[in-house]
Amino acid sequence: MTSIDLPDYKRQSSDVASRFEELKNRPVKLEVKNLQKIFQSKQGPVQALKDINFKTHRREFLSVIGPSGCGKSTLIRILAGLEIPTSGDVLLEGTAVKGPGPDRGMVFQGYTLFPWLTVKKNVMFGLTIAGNSETKAESEAMQWIELVGLKKFADSYPSQLSGGMKQRVAIARALANQPRVLLMDEPFGALDAQTRAHMQSYLLEIWRNIDITIIFITHDLDEAVYLSDRVLVLKANPGEVQEMIEVPVARPRDPDQFLEPEFLATKRHLEHLIHPPSKQQKSPMPITRMTEVGDNVE
Amino acid sequence: MSTRDDKGWFAIREPLSQSKQQILVLLSFLGPILTWCIVSYTPFIWHPDIRLDISAQRQGVSTVFTAGDHLTKSYYQEFEQFIRDENVLILEQQSGKAEAPKNLSKVRRDNIKILRQLTPIATKQGWLPKDEKIPDEDLIALWEAIATKPGGFEKLNALTDENITVIENNWNLLNRHYQETGSLKMVSVPLQKLVPQGVPVNPVYLPAPHEVLQKGWYEFTKKPENDKPSMWSRLRHSVRIVFTGFLLSCLVGVPLGILCGTYDFFSKLFEPFIDFFRYLPAPSFSTLLVAIFLAHDAPKIALVFVGTFFQLVLVVSKTTTLLDKSLLEAALTLGAKPKSLMTRVIVPGILPNLYNDLRILLGWSWTWLVIAELIGVKSGLTEFIETQGRWRNFDSVFPVIFTIGFIGFFTDQILAQLRGLFFPWTGEKVSFILRKWIDFYHWLTGGRVNVTNNQHLQGSQ
Ligand SMILES: Nc1ncnc2c1ncn2[C@@H]1O[C@H](COP(=O)(O)OP(=O)(O)OP(=O)(O)O)[C@@H](O)[C@H]1O
Ligand SMILES: [Mg+2]
């Protein structure tokens, strides 16, 4: 990349700055305090997370990025209550989280739809568990299915849906419980680029329309910048918070912003955090050239 | 007729085209049946035995062969040679070159026996009536007819030239004696023996297809004799034992297996012992089971149970553990309590695989049938197979063995077909024939057709 003069990613326009001001005044939804997770594996203890501290405010969109194996999934599973932290606390609206519950919806990378239930019944799952009558659950489920645009497929089975459609059902299913926080672990990771772009717009649309705080794990920097208010960058071995970045890109977002200077500046900064330039120095390639000299592709 | 995308017959890990599959499925059955037919109906292939049409009794040998007995080819040749040698001696005795036997009444008895050796082939060829006691006079008349050949040409084809000569010689002797004394029975000169005659056949344990079919039809349609059960009631009895044993082991084994697959507690508590116990051969418990359960069917059912139960628990447990754990986690994040996971996620999730497991184990329990029916008082199809087998009536045994095979095979096929219907969400195809049947059923009952035709829907995003 030829170097273009990009602004500092910390410089915010007045609109953006005032938005962040407003955001910080909203009540805290989720607070993570001194979180630590050590796995006991056969090779000895593995420190997956160390001293994680952060807060999210109501209706915030927070992304988590970091190199592979830095503990992103572990973090979100602890938030969901599926994993117990070795030490530290997770507070949801001030009360400690003690296991999984319908107040924190979760969308997994693998679609995890119940294959034996139709789309409608999948979305009704949480509603009936919560004790709603069948008819009430059904009418509510249909609203969520409509929200994700799958009304036509309400009676289809998951095996009949494409990947993007499955993930939309998973989102509708999580939202139907009206959780306060939606946890998403690389939800679009398995989708092709085009479908992923569609899903990102869908997600922003949904987020705009309902009262939900989203914590979103991804390894796609564009995705993180495009969707989020703030990006939490983790580093590996052990998983620690490297930086919490406020994204200086104005809202509402649309795909044209991918080329705005603020966007590119943020992305470049993230790039540097995750792949530090020092490590990118070229080492001689231990490969024997097998083509003739003079056949240089570059 | 090969199209461009035809991958041929031997593409690695590629399914064959529909028509090729059908051809091979047909062949897989036709192959063995054809082999059986060829081996049975072409006299020059294999046929290691000779089935006697005419037998003979050797001097001083107590083993008696009768017509219909199977002899190996080599022994048959020996047997023929012995008789020929005896005939040479008898000729010398007749002409006075050798000393004739002194015991005249024995000579007469032997002569009558020689005359009677012709009876089996005569009744088989229709020269004499079947199923009747044939008076010696008729037999002698037959000898005369053959020896003097008044238009008896077709009779001569069934007999070897050698034997026709024997018959002529003997008849001359008998006739001369008759002229002299007026009695045929009194002849006290030893007669020549008929030389054994037979046709090459397969061993008794491999009857020809038509024999098996005929005998099968006969056994399944005949009226039961006195206190013996009919074949159908035997069949019902066998099916009942297999299914009762299987259902009982499902009743206990499926819940236990699911528990083991769900809770490590039960897995560690039960599985190690079960894993050990399944190596103990079930048949070795037969006498024990009879001692415990005494009555007729109970020990038999118990044997099928012992034979399937332990496998079943392990297989069901394995199937349960294979259920994607993230489905359970998803349910938890949707508010499910650990207790409701069992009914809302685990059981519905494993159902199609469980169904397949049970199909396989039902097949497994059929294999215990024969041993089960042998213990205590023999019963059912096995008792029939046992008795008929002991009498070497293998043409009666095969239809019964095949029946067991057919029942097992077709139950499994039907269950496999129904799977797509029970579990439409697996996306398995409901076969064309089954779909037509369902359409027909709905047409009869006036209902709506609702068989999901699973396609992969590529909807707009
Ligand atoms: N159950 C476990 N037992 C032992 N170690 C584990 C366990 N789960 C995760 N780990 C370790 O914890 C670390 C973090 O894993 P985690 O799955 O959270 O990473 P991640 O950031 O989600 O990676 P990716 O980007 O590849 O999804 C890894 O080193 C992993 O080996
Ligand atoms: Mg992960």
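We did not get these values from a lab; they are worked out from the coordinates using the rules stated. Remember, predicted model here, so these are calculated numbers, not experimental data. So basically every Cβ, Gly included, is an ideal-geometry build from the backbone, and we count neighbours across all protein chains shown.
Taking a straight Cα-Cα cut-off under 17 Å and skipping sequence neighbours fewer than 8 places away in the same chain, the lysines within cross-link reach of A:K267 are A:K10, A:K235.
What shape does region A:1-83 take by its C-alpha gyration tensor, where a ≥ b ≥ c are the square roots of the eigenvalues and a/c under 1.5 counts as rounded, a/b above b/c as prolate, and the rest as oblate? Walk me through the intermediate numbers first.
Details: a/c = 3.43, a/b = 1.51, b/c = 2.27.
Since a/c reaches 1.5 but b/c is at least a/b, the shape of region A:1-83 is classed as oblate.
Pairs of Cα atoms in region B:1-114 fall into 5 Å distance bins, from 0 up to the last occupied one, in shares of 2, 8, 11, 13, 9, 8, 7, 5, 5, 5, 5, 5, 4, 4, 3, 3, 2, 1, 0 percent.
Per 0.36 nm of contour for each residue apart, how much would the distance between B:T148 and B:Y205 grow if the chain were fully extended, relative to their Cα-Cα spacing?
Values: separation 57, 0.36 × 57 = 20.52 nm, distance 4.09 nm.
That works out to 16.4 nm of additional length.
Computed extension gain for B:F44 through B:E92, at 0.36 nm per residue and net of the alpha carbon distance, reaches 13.5 nm. Once the cut-off is 11 Å, how many percent of the Cα-Cα pairs in region B:1-47 end up in the long-distance tail? Across region B:1-47, Cα pairs with separations above 11 Å total 74 percent. Between B:R176 and B:S74, the FRET efficiency from the beta-carbon distance, with R0 = 30 Å, is close to 0.15.
Here A:E205 and B:F432 are evaluated by their C-beta separation; at R0 = 60 Å the FRET efficiency comes out at 0.85. Sequence-ordered 3J(HN,Hα) estimates for region B:117-131 from the Karplus curve with 6.51, -1.76 and 1.60 and θ = phi - 60° stand at 4, 7, 4, x, 5, 5, 6, 5, 7, x, 6, 10, x, 7, 6 Hz, glycine and proline given as x. Amide H to amide H distances under 5 Å link A:L30 with A:T56, A:E93, where only residues 5 or more positions off or on other chains count and H is placed in the peptide plane.
Scanning chain A for DSSP H helices at least 18 Å long along the axis (C-alpha atoms) with a Kyte-Doolittle mean no lower than -1.0 picks out A:134-147, A:163-176, A:193-209, A:261-274. Remark: mean inter-chain Cβ contacts per residue of A:119-127 equal 2, using a 10 Å Cβ-Cβ cutoff to other protein chain atoms.
Where in chain B lies the longest segment free of GluC sites (Glu not before Pro) that are both loop residues by DSSP (not H, G, I, E, B) and have at most 12 other Cβ atoms within 10 Å? Display every interim value, and only then the final one.
Details: sites that count: B:E99, B:E132, B:E225.
The longest such stretch corresponds to B:226-461.
When peptides B:267-273, B:351-357, B:23-29 are ranked by their average number of other Cβ atoms within 10 Å per residue, the highest-first order is B:351-357, B:267-273, B:23-29.
Report the residues of region A:170-188 in range of a label on B:K339: point 7 Å along Cα→C-beta, backbone N strictly under 19 Å from it. Answer for region A:170-188: none. With the charge dipole of chain A set up from +1 on Lys and Arg Cβ and -1 on Asp and Glu Cβ about the Cα centre, the Cα lying farthest toward the positive end among the listed residues A:G101, A:M199, A:L183 is that of A:G101. Counting every other Cβ atom within 10 Å of each residue's Cβ, A:T218, B:T119, B:T343, B:T160 order from fewest to most as B:T343, B:T160, B:T119, A:T218. Would you kindly give the portion of the calculated P(r) for the protein assembly as shown that falls above 44 Å, as a percent of all Cα pairs? For the protein assembly as shown, the share of Cα pairs beyond 44 Å comes to 56 percent.
What fraction of the Cα pairs in chain B, stated in percent, has a spacing above 38 angstrom?
On the way: 56668 of 106030 pairs.
The answer is 53 percent, as a whole percent.
Once Rg and the Kirkwood radius are both taken over the C-alpha atoms of region B:86-168, their ratio Rg/Rh works out to 1.01. Cα-based values for region B:182-229, radius of gyration first and Dmax second, are 21.3, 55 Å.
Just to verify a number: FRET efficiency for B:L251 and B:K228, C-beta to C-beta distance, R0 = 35 Å, to 0.05? Efficiency for this residue pair is about 0.55.
The spacing between region B:249-312 and region B:361-439, judged by their C-alpha centroids, is 22 Å.
Please state the equivalent ellipsoid semi-axes for chain A: what are the square roots of 5 times the Cα gyration tensor eigenvalues, largest first, in whole Å? Each step should come with its number before you reach the end.
Values: eigenvalues 231, 116, 103 Å².
Whole-Å semi-axes of the equivalent ellipsoid: 34, 24, 23.
In order along region A:56-63, the phi-based Karplus estimate (6.51 cos²θ - 1.76 cosθ + 1.60, θ = phi - 60°) of 3J(HN,Hα) comes to 10, 9, 4, 6, 8, 10, 10, 9 Hz; Gly and Pro are listed as x.
Take every DSSP beta bridge whose two residues both sit in region A:90-242; close to 30 percent of them are antiparallel.
Between B:L16 and A:N34, the modelled label-to-label distance comes to 7.0 nm, taking each label 7 Å out from Cα in the direction of the beta carbon. The H on the amide N of B:V201, modeled in the peptide plane, is under 5 Å from the matching H of B:D49, B:I50, B:R51, each at least 5 residues off or on a different chain. Scanning chain B for long hydrophobic helices, with DSSP H runs required to stretch 24 angstrom or more by C-alpha along their axis and to average at least 0.0 on the Kyte-Doolittle scale, returns B:18-41, B:231-262, B:298-321, B:347-367, B:394-422. Here the relative contact order of region A:78-176, from alpha carbon pairs under 8 Å that lie six or more residues apart, stands at 32 percent. Here the extension length gained between A:Q47 and A:N25 equals 4.5 nm, from 0.36 nm per residue of separation less the Cα-Cα distance.
Once backbone amide H atoms are built at 1.01 Å from N, A:G110 has no partners under 5 Å, excluding neighbours fewer than 5 places away on the same chain.
With both bridge residues required to lie in the protein assembly as shown, what share of the DSSP beta bridges run antiparallel, to the nearest 5%? Write out the running numbers ahead of the final one.
Details: 31 of 49 bridges.
About 65 percent, rounded to the nearest 5.
Label positions at B:F406 and A:L6, each projected 7 Å from the Cα along the C-beta direction, are separated by 7.8 nm.
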